[in-house]
Structures are given as C-alpha cells and as structure tokens.
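Undergrad: Take a look at the following structure, please.
The values are calculated or read from the model by the stated rules, or taken from the named source; none is laboratory data. Just so you know, these numbers come straight off a predicted model, no measurement behind them. Cβ atoms come from the backbone with ideal geometry, glycine included; neighbour counts cover every protein chain shown.
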Amino acid sequence: MKTVCIIGACGHVGTAFTEPALCAFFGGAPGCIEEDTAGIRNLCASRNIPYYDDWRAMLDACRPDAVVVNTVFAYNADVAIDALTRGIHVYCEKPAATTLEKLEELRHTATGTTALLFSMLTMRYEDTFLTLRDIVRRGLIGQPRMLTAQKSYKLGTRPVFYKDAALYGGTLPWVGIHMIDQMLWISGLAVEDARGWQSTRANHGLGSFDITAMAQLKLTGDVLASVHADFLRPSSAPTHGDDRLRIAGTEGVAEVRGGRVYLINADGASEPALLPAQSIFAHFLTLCDRPDLRMSDFYHDCGALQSTRAALLCRDSAK
C-alpha cells in the first residue's frame, strides 16, 4: 500500500480517492500563499487526513511514497520538482508548468530520477477517448490527416487566482491541453509547429483571464490540428462541458461528440460500443511500481511534457 500526501486542492484532487485499498493518505497542506486554504482544510477534515500548514514540513515528517500536487497552477512545477528530487512519485495537476523555462527544469529533474511524474490528464481514461484511440490505432480510418477539437465549459465561480494570468497560466495550458494531449496520444504524432490566439474580452471582469483561446498545430507529416477552448457554455446547459474531437483520415472519419463515438468509413456509418472507462489514479499507482511500463505506447509521455510544451508555445505566441 502506497503512502500519499496532498499538496493543494485547486483542481482534480478528487481523482486520487478512487483506490482506497491501494493507498493511505498521511497528510495534506496548501501549496503556496496565494492558495485559498479552505479547500485543502475542508478536504482533510472530510476525509480525516492530518492537516499541515507547510507542505515541506509535511513531506519531512511523513516521508510519503507519493504526493498529489494540486496547488495554484503557477506553483505546480516548483512543488513537483521538490518532490521528485526527494525521490517521491508525483501525481500532478496539469499544467505541470506554466512557463517553458520551468517546464524544462521539471523535465530535467524528472528524467534524472526513478521517481514518476504523472499528469492528471483525466480524459485519456474516459470511455469515449479510449474507444477513439482504439479505432485509430486499429487503422479503421487509415492515416490521420486532420484533427479538430473543442473544449467548452461553464464559467461558474472560479478561484481568485484565475484573474491573474501569471498564476492561472492560461486557458490553453489549463483546458486546451486535454485535447492537445489527446491528439498526440491517439495519433502517435509529434508537434512540429504551434501557434495560438486568446482573448480576455467579455470575461465578466476576471482580470487577465482569457475566456476564449485557440491552438493551431502542425504535426509530423503535415498533419494539421486545431483546438478551441472557451468558458462560454450557458449555465442552463445539461452538462458542465461539451468535449469534441474529430479525426479525419485517409480512409474514414471518427469523432467523439456528446459522450458518444461515431465512425464512418468504407464499411458505412456506425456508433461503436464504448470500451470501459478506467481509473487514472490506479494507473498512476501501477506505474509507481512498474517503471518498465512507463515508456510503453499506452503510457507514452505520462508526465505530459510534450503536450504541456505545445500548449505553452501556443499561449506564448498569442501574447
């Protein structure tokens, strides 16, 4: 059983509580002074986890096998680097870094240790996207030539740090990265060129928060890809998000839309049965003990260094 500590509660920390038989939580702490501590305090209280004011002191005292890094996005990399340097496995909220310089430091640290860096790219483990990947990898649409994706969210009430682009990091690294990662993971291709656009207009007074953003990518072999992300989904919509990914290939088209997968090729149009969803945290715990699996095709770039870099390049080009 793995011992785990939690640093911050600003994102998908809830995914770490899906495997109670495989781990035990020894402590929780905020990750920076800009973080609203109410989130991590409430989390610790509700799950009977000891609370610490200082995350470094917590790591010194608990000496955990793994840590959930989930603080204000601009600080994820610093916390992850410290943990990896200590030999602690890291389950890290994305983006793992909000600047290219910090991402390079994180990459250097991660490649110099046997500790695991694993990003919370939850969409890899959803039933629809596992099914889409299977379709593409089985060659049912031939060779992918164009990929287009959408991430549309309800704005709701966002933490205060979203108002500061330096702390938030940008909508492409926070939201668009999901689809950038899906494109690279499903196709097996790499990014050759990356550009982007973003806008803060009509952002409901949220400072430098970009409420709309777009990424344009050229992948290996002149494959073209685009991602658009927004927080404009109406509050009355039946779901929080509207995720779509369409892959057009030389022999057909497959897409995820509305929680379903659609395929059309020479055999006609169909709606394939979905593969079962999987637990992202279970996969993280497995890779902690199986370093031989980390470079496999399925787990390629589990630390999301490539998709994070692409998202940051797109964001920076938009400035």
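Undergrad: If you scan the stretch 128-157, which residues turn out to be closer than 30 Å to Ser208 by Cβ and free of Cβ contacts under 8 Å to residues at least 60 places away in the same chain?
TA: From the stretch 128-157, those closer than 30 Å to Ser208 by Cβ are 147-157; that's our starting set.
Of everything in the stretch 128-157, just one residue is closer than 30 Å to Ser208 by Cβ and free of Cβ contacts under 8 Å to residues at least 60 places away in the same chain, namely Thr157.
Undergrad: Which members of the stretch 2-42 meet the condition of being over 21 Å from Ala282 (Cβ atoms) and in a strand (DSSP E or B)?
TA: Passing the criteria: Gly27, Ala29.
Undergrad: Do the conditions hold for Thr212, that is, is it exposed (fewer than 13 other Cβ atoms within 10 Å of the Cβ), in contact (Cβ under 8 Å) with a residue 12 or more places away in the chain and in contact with a strand residue (DSSP E or B) (Cβ under 7 Å, 6 or more places away or on another chain)? Please lay out each step first, then the result.
TA: On the way: exposed (fewer than 13 other Cβ atoms within 10 Å of the Cβ): no; in contact (Cβ under 8 Å) with a residue 12 or more places away in the chain: yes; in contact with a strand residue (DSSP E or B) (Cβ under 7 Å, 6 or more places away or on another chain): yes.
It is false that Thr212 is exposed (fewer than 13 other Cβ atoms within 10 Å of the Cβ), in contact (Cβ under 8 Å) with a residue 12 or more places away in the chain and in contact with a strand residue (DSSP E or B) (Cβ under 7 Å, 6 or more places away or on another chain).
Undergrad: Also, quick follow-up: Within the stretch 244-296, count every residue that is over 20 Å from Leu140 (Cβ atoms), touching a residue at least 60 places away in the same chain (Cβ under 8 Å) and among the hydrophobic types (A, V, I, L, M, F, W, C).
TA: 8
Undergrad: Now a separate question. Looking only at residues that are touching a Lys or Arg at 6+ places or on another chain (Cβ under 9 Å) and of a type outside the set (A, V, I, L, M, F, W, C) in the stretch 301-319, which one is surrounded by the fewest Cβ atoms within 10 Å (Cβ to Cβ)? Give the steps one after another, and end with the answer.
TA: Kept after step one, since they are touching a Lys or Arg at 6+ places or on another chain (Cβ under 9 Å), are these residues of the stretch 301-319: 302-305, 307-309, 311, 313-314, 317-318.
Cutting the leftovers down to of a type outside the set (A, V, I, L, M, F, W, C) gives us 303, 307-309, 317.
On the way: Gly303: 24, Ser307: 27, Thr308: 28, Arg309: 20, Ser317: 16.
Among residues in the stretch 301-319 that are touching a Lys or Arg at 6+ places or on another chain (Cβ under 9 Å) and of a type outside the set (A, V, I, L, M, F, W, C), the one surrounded by the fewest Cβ atoms within 10 Å (Cβ to Cβ) is Ser317.
Undergrad: Here's a follow-up. For residues in the stretch 208-244 being part of a strand (DSSP E or B) and of a type in the set (Lys, Arg), which is farthest from Lys319 (Cα to Cα)?
TA: As a first pass, look at the stretch 208-244 and keep what is part of a strand (DSSP E or B): 212-219, 223-230, 241-244.
Retained after the next criterion (residues that are of a type in the set (Lys, Arg)): 218, 244.
Working: Lys218: 20, Arg244: 26 Å.
It comes out as Arg244.
Undergrad: Being without any contact (Cβ under 8 Å) to a residue 24 or more places away in the chain and either charged (D, E, K, R) or over 26 Å from Ala166 (Cβ atoms) (or both) narrows it down to one residue among Arg56, Arg41, Arg47; which is it? Before the answer, list the steps.
TA: On the way: Arg56 fails: without any contact (Cβ under 8 Å) to a residue 24 or more places away in the chain; Arg47 fails: without any contact (Cβ under 8 Å) to a residue 24 or more places away in the chain.
Answer to the check: Arg41.
Undergrad: Can you tell which of Ile49, Ile40 is crowded, with 22+ Cβ neighbours inside 10 Å, touching a Gly at 6+ places or on another chain (Cβ under 6 Å) and at pLDDT 95 or above?
TA: Being crowded, with 22+ Cβ neighbours inside 10 Å, touching a Gly at 6+ places or on another chain (Cβ under 6 Å) and at pLDDT 95 or above holds for just one of Ile49, Ile40, which is Ile40.
Undergrad: May I pose another question? Mind listing whichever residues of the stretch 212-250 are of a type in the set (A, V, I, L, M, F, W, C) and within 16 Å of His178 (Cα to Cα)?
TA: From the stretch 212-250, those of a type in the set (A, V, I, L, M, F, W, C) are 213-215, 217, 219, 223-225, 227, 229, 231-232, 237, 245, 247-248; that's our starting set.
Within the stretch 212-250, Ala213, Met214, Ala215, Leu217, Ala225, Val227, Ala229, Phe231, Leu245, Ile247 qualify.
Undergrad: Of the residues Thr212, Thr250, only one is under 23 Å from Leu167 (Cβ atoms) and hydroxyl-bearing (Ser, Thr, Tyr); which? Show your work before the answer.
TA: On the way: Thr250 fails: under 23 Å from Leu167 (Cβ atoms).
Testing whether each residue is under 23 Å from Leu167 (Cβ atoms) and hydroxyl-bearing (Ser, Thr, Tyr) leaves just Thr212.
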